Amino acid sequence: MRKYLVIYEKTTTGFSAYVPDLPGVIATGKTKTSIEKNIYEAIQFHIEGLKLEKLPIPRYTSLGETLVFSV
């Protein structure tokens, strides 16, 4: 089992997401729900491709945190 940090960003047309530990794994969607589904599928597709090519599956190295500031 592996876990990966996913970065979600709000765009003018919806959302985008990427996975820092899996270069090239990106997804877009109009809603938060759709982008969650799309990035999950993109990660699965990428890992399946790595397995088929007998390439190593990267371990996670990125960590994330949300900090809250009073402004």
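The values are calculated or read from the model by the stated rules, or taken from the named source; none is laboratory data. Note that the coordinates shown come from a computational prediction; the quantities given were computed from them, not determined experimentally. Glycine gets a Cβ as well: all are built from the backbone with ideal geometry, and neighbour counts include every protein chain shown.
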Query - Condition met for A42 (at negative phi, surrounded by 13 or more Cβ atoms within 10 Å (Cβ to Cβ), part of a strand (DSSP E or B) and modelled with pLDDT of 95 or more) - result: no
Requested in this report: Filter region 48-64 for residues that are part of a loop (DSSP other than H, G, I, E, B) and over 15 Å from the mean Cα position of the chain (by Cα) and give the result.
Outcome: E53, K54, L55, P56
Query raised in the report: Which one of these is hydrophobic (A, V, I, L, M, F, W, C) and in contact (Cβ under 8 Å) with a residue 24 or more places away in the chain: I26, I35?
Result: I35
Query raised in the report: When region 1-39 is examined, which residues are found to be part of a strand (DSSP E or B) and either exposed (fewer than 14 other Cβ atoms within 10 Å of the Cβ) or among the β-branched types (V, I, T) (or both)?
Result: I7, E9, K10, I26, T28
